[in-house]
Amino acid sequence: MRVVLAEDLFLLRDGLVRLLEAYDFEIVAAVDNGPSLLRALVDERPDVAVVDVRLPPTFTDEGLQAALTARKQVPGLPVLVLSQYVEQLYARELLADGSGGIGYLLKDRVFDPDQFVESVRRVAAGGTAMDPDVVAKLFAKDSNGPKGSLARLTPREREVLALMAEGRSNASIAQALVITERSVIKHTSNIFAKLDLPVSDDANRRVLAVLAFLR
Amino acid sequence: MNIAKDARTAVAGLPLAGLAVVEVFFFSLLVTAISLLGAGIGLFLIPAAAIAARSTVNITRRLAGARLEGGIPEPYLPEPPREGGLKSWWARTQWILTDPATWRDLAWMLVNPVVGLVLVLLPLTLIAFGVFGLLMPLLWEDISGSGGNNWYWFVKVTDSQSALYALGLGIPTLLIGLVSAPALMRAHAQLARTLLAPTETARKVLHLTRTRSEVVSSSAAELRRIERDLHDGAQARLVALGMNLGVAEQLLAKDPEAVRAILADTRKASASALTELRDLIRGIHPPVLADRGLADAVRALALDSPLDVSVTAELPGRADAPVESALYFAVSEILTNAAKHASPTHVDVDLWYADGRIRAQVSDDGHGGADPSRGTGLRGIERRLAAFDGVLAVHSPVGGPTTLTLEIPCALS
């Protein structure tokens with residue numbers, strides 16, 4: 001699997017390269033600033049990009065901007081954004097085009113290589129990987145208002161949706177909640193129905209379910 | 001026309017006239033004290049004389065200021081701390097002599113007994129003379145008989161006929177006295193304000209002195225908080241990490257299973273250290289503010305707030321980082337307060353720029369009753385804005401809704 005990596009701190013870039021290579025990813029470009037990232041994304045068309053939000057030259061949200069621009073030119077280009085902090089505002093911007101292939105994780109998640117690599121693979125396959133912190137914030141907000149879309153869901157369905165928003169598979173949700181995969185499937189189809197999501201392939205519906213809250 | 005009220009106004013001139021006479025005394029006292037500075041003894045006399053003079057002039061400020069909106073505030077520089085010894089005397093004398101207000105007080109004590117006295121006594125004099133004219137038909141015989149002055153204005157009162165003329169002149173005299181009283185007393189008050197109120201520069205200096213000391217102490221408190229957070233949080237966790245790794249190293253050969261558990265713990269501890277650092281950084285300078293500026297930072301705040309907040313922003317550029325940061329934290333605190341106390345269903349935040357000022361308005365439909373004189377939160381926001389010459393306007397009747405408007409003069413880039 002071909003990966004473009006953008007991270008300005010040498011130690012972290014080096015660590016990520018080693019980590020990803022250990023899991024048989026092919027690093028086609030490892031860059032340290034916004035403009036070269038954009039060029040690499042458009043020229044190399046990687047299977048997935050792993051991008052730090054804050055990059056030179058401005059040290060603001062250069063990486064995020066480059067990823068968004070690249071996705072305009074290459075629709076659906078899978079991007080996993082890493083950051084020292086997560087903002088709902090940025091999560092919305094990343095998910096806004098509704099085409100999936102988006103990840104937004106805290107840098108700490110790299111500490112668990114297996115799960116991190118699973119997230120990278122999922123994003124590459126067109127799914128999502130939202131940091132549990134982002135998801136928690138979304139839920140904290142929505143559960144406060146009676147008019148929120150969450151009000152229509154049962155507590156169990158909310159739990160399933162939260163895990164789904166993180167981008168977990170049915171099997172992984174079943175394991176986390178200690179229920180059978182069959183009941184997870186039952187819950188997810190209830191959620192899709194309650195959120196009025198159109199019939200389409202499962203991965204896309206999962207993205208839409210997350211988007212339903214963001215609005 | 002309200003005769004009783006105008007008469008009272010005219011009578012109010014009496015204490016002011018008395019003060020004017022007393023001020024002549026304090027003028028000479030202070031001037032004498034200053035002229036004795038060369039002889040050394042002035043060093044001890046000046047502060048005492050000045051303070052006595054100031055308390056007299058302060059009474060004038062209060063009495064005359066009552067006729068003007070906003071009154072006449074005191075202009076004096078704050079007193080230096082007393083340390084004792086000769087040096088302290090010198091510092092106090094210097095404090096008096098370098099304060100422009102001292103010299104303006106002196107000018108006032110010179111002008112007031114001349115111009116001021118005329119202004120405050122004229123209405124009362126006219127009224128008294130008018131009453132005298134009205135009584136002329138009763139009094140003229142006694143006055144003439146005792147060989148007193150029998151002129152009333154231009155009429156020589158020698159018989160009951162001319163006494164009636166005097167009565168006719170007495171009526172307008174009395175009326176003029178009454179009618180002119182409010183205007184003349186006001187003119188006196190204006191004159192007092194010109195010399196006794198703080199000048200624009202003095203006001204600025206006072207404001208700057210106050211806000212500077214507030215900024216210095218609040219940033220010192222901030223630094224202490226950050227130091228404590230780092231010390232108890234990230235630093236302690238890093239020490240624990242080091243210790244855990246040391247133990248793991250020791251156990252490596254004997255008990256690899258235990259090492260595995262220790263390493264898992266260590267990884268968790270490093271994640272919590274990161275979380276703590278992240279929260280700390282957010283409190284110092286929020287990442288979105290650094291990345292995107294005020295508008296998006298406030299939008300991010302709105303998203304994170306448990307309340308239903310909508311944000312509209314029309315900012316044609318970015319303000320200086322300190323201004324942005326002050327507004328951001330102010331809005332953040334207001335949203336927190338609203339969530340805590342007002343329980344609104346909806347909050348609107350508007351940001352815009354007009355007339356060289358950046359403004360933020362936060363309106364909620366909660367139950368109101370926010371009062372800067374009671375809550376320390378609003379007072380703190382006021383203080384933080386004051387450092388940038390900004391202001392906070394609070395409109396929060398009990399029962400709501402609440403509108404807070406924050407305003408800071410600044411240029412956008």
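General remarks:
- Any hit, region A:2-18, residues being within 14 Å of another protein chain (Cβ to nearest Cβ) and touching a Leu at 6+ places or on another chain (Cβ under 7 Å): no
- Residues being within 20 Å of residue A:86 (Cβ to Cβ), more than 8 Å from chain B (Cβ to nearest Cβ) and not hydrophobic (A, V, I, L, M, F, W, C) - total across region A:59-72: 4
- Restricting A:77, A:94 to those that are under 16 Å from residue A:127 (Cβ atoms) and within 14 Å of chain B (Cβ to nearest Cβ) reduces the list to A:94.
- Unmet requirement for residue B:377, which otherwise passes all of (1) in a loop (DSSP other than H, G, I, E, B); (2) more than 14 Å from residue B:305 (Cα to Cα); (3) free of Cβ contacts under 8 Å to residues at least 60 places away in the same chain; (4) of a type outside the set (A, V, I, L, M, F, W, C): (1)
- Residues in region A:77-124 that are among the basic types (Lys, Arg) and more than 15 Å from residue A:25 (Cβ to Cβ): A:92, A:107, A:109.
- Test: residue in region B:194-205 that is under 22 Å from the mean Cα position of the chain (by Cα), over 28 Å from residue B:20 (Cα atoms) and assigned to a helix (DSSP H, G or I): yes
- Hey, residue A:134 under 26 Å from residue B:287 (Cα atoms), open to solvent by less than 20 Å² (accessible area, probe 1.4 Å) and either within 13 Å of another protein chain (Cβ to nearest Cβ) or not small (Gly, Ala, Ser) (or both) or not: yes
- Residue-level check: of (1) open to solvent by 60 Å² or more (accessible area, probe 1.4 Å); (2) in contact (Cβ under 8 Å) with a residue 60 or more places away in the chain, residue B:68 misses just (1).
- Options B:274, B:301, B:327, B:307: the member that is within 10 Å of chain A (Cβ to nearest Cβ) and either within 25 Å of the chain's Cα centre (by Cα) or assigned to a loop (DSSP other than H, G, I, E, B) (or both): B:307
- The C-beta contact set for region B:253-277 (first residue farther than 21 Å from residue A:110 by Cβ, second residue hydrophobic (A, V, I, L, M, F, W, C) and part of a helix (DSSP H, G or I), distance under 7 angstrom, 6+ apart or interchain) comprises B:258/B:251; B:259/B:248; B:259/B:251.
- Listed here are the helices (runs of 4 or more DSSP H) enclosed by region B:82-185 that have at least 1 residues being touching a residue at least 40 places away in the same chain (Cβ under 8 Å) and farther than 30 Å from residue B:9 by Cα: B:85-97, B:100-111.
- For region B:222-232, the condition holds for at least one residue, the condition being that it is closer than 30 Å to residue B:272 by Cα, assigned to a helix (DSSP H, G or I) and open to solvent by less than 40 Å² (accessible area, probe 1.4 Å).
- Top-ranked residue of region A:22-51 - restricted to ones that are assigned to a helix (DSSP H, G or I) and exposed (fewer than 14 other Cβ atoms within 10 Å of the Cβ), ranked as farthest from the other protein chains (Cβ to nearest Cβ): A:43
- Of all residues in region B:279-289, those satisfying the criterion of being facing chain A (nearest Cβ under 9 Å) and open to solvent by less than 30 Å² (accessible area, probe 1.4 Å) are B:286, B:287, B:288.
- Residue in region B:8-30 that is out of contact with any Phe, Trp or Tyr (no Cβ under 8 Å at 6 or more places or on another chain) and assigned to a loop (DSSP other than H, G, I, E, B) present: yes
- Residue selected from region A:61-91 under the condition among the hydroxyl-bearing types (Ser, Thr, Tyr) and at pLDDT 90 or above, by the criterion surrounded by the fewest Cβ atoms within 10 Å (Cβ to Cβ): A:69
- Checklist (1) assigned to a loop (DSSP other than H, G, I, E, B); (2) out of contact with any helix residue (DSSP H, G or I) (no Cβ under 9 Å at 6 or more places or on another chain) applied to residue B:353, failing item: (1)
- The set of residues from region A:169-215 being modelled with pLDDT of 85 or more, open to solvent by 40 Å² or more (accessible area, probe 1.4 Å) and either within 25 Å of residue A:89 (Cα to Cα) or not hydrophobic (A, V, I, L, M, F, W, C) (or both) comprises A:175, A:180, A:181, A:182, A:186, A:189, A:190.
- Any chance residue A:139 is within 14 Å of chain B (Cβ to nearest Cβ) and either assigned to a helix (DSSP H, G or I) or under 13 Å from the mean Cα position of the chain (by Cα) (or both): yes
- Flag for residue B:362 being without any contact (Cβ under 8 Å) to a residue 60 or more places away in the chain, closer than 21 Å to residue B:387 by Cα, crowded, with 17+ Cβ neighbours inside 10 Å and aliphatic (A, V, I, L, M): yes
- Residue satisfying all of: in region B:397-413; within 20 Å of residue B:372 (Cβ to Cβ) and part of a loop (DSSP other than H, G, I, E, B); farthest from the chain's Cα centre (by Cα) among these: B:399
- Qualifying residue in region B:252-268 (condition: of a type in the set (A, V, I, L, M), open to solvent by 30 Å² or more (accessible area, probe 1.4 Å) and within 13 Å of chain A (Cβ to nearest Cβ)): yes
The values are calculated or read from the model by the stated rules, or taken from the named source; none is laboratory data. Remember, it's a predicted structure, so these values are computed and weren't measured experimentally. Virtual Cβ from ideal backbone geometry, glycine too; neighbours counted across all protein chains shown. Surface areas here come from the heavy atoms of the whole protein model, side chains and all, with no ligands, DNA or RNA. Shrake-Rupley method; radii C 1.70, N 1.55, O 1.52, S 1.80 Å.
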